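The values are calculated or read from the model by the stated rules, or taken from the named source; none is laboratory data. Quantities reported herein were computed from a predicted structural model and do not represent experimental measurements. Virtual Cβ from ideal backbone geometry, glycine too; neighbours counted across all protein chains shown.
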Amino acid sequence: MRIIITAIIIYFLSLSSLWILGFTMAKADTKSEAIVGHVITQVIQGNDMDHTEVMTNELAALMHKFSIEVSSVLLQNMPNILDSISAQLRQELDKKYKCSLQGDYKNKDCS
């Protein structure tokens, strides 16, 4: 009986010590903090790691995020962009039509 009680006490003490020491989740709030922490840890431990691969992966992630943001902004402003393009096309077509009607006489816009 004494062995069972001792085993239960040891079990609860070890479980509570893991909880107190923070055996829950990583404390890094962002991905970049986690990566920087990993790189620093690897440098301190003296492990070889490919820094260019880390930078390449980070730049790829940033470009992906940037392209998503650009596409959302583009979709939000698409009506304005299309309106300005259609207005420019109308102006160019009007100018070509007016110049074609002038015949031999050409004003300064058509020459």
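Checking the stretch 74-85 against the condition returns no match, with no residue being at positive phi and at pLDDT 85 or above. Looking at the stretch 72-90, can you tell me whether even one residue there is in contact with a helix residue (DSSP H, G or I) (Cβ under 9 Å, 6 or more places away or on another chain) and surrounded by 10 or more Cβ atoms within 10 Å (Cβ to Cβ)? Within the stretch 72-90 (the criterion being in contact with a helix residue (DSSP H, G or I) (Cβ under 9 Å, 6 or more places away or on another chain) and surrounded by 10 or more Cβ atoms within 10 Å (Cβ to Cβ)), the answer is yes, since at least one residue qualifies.
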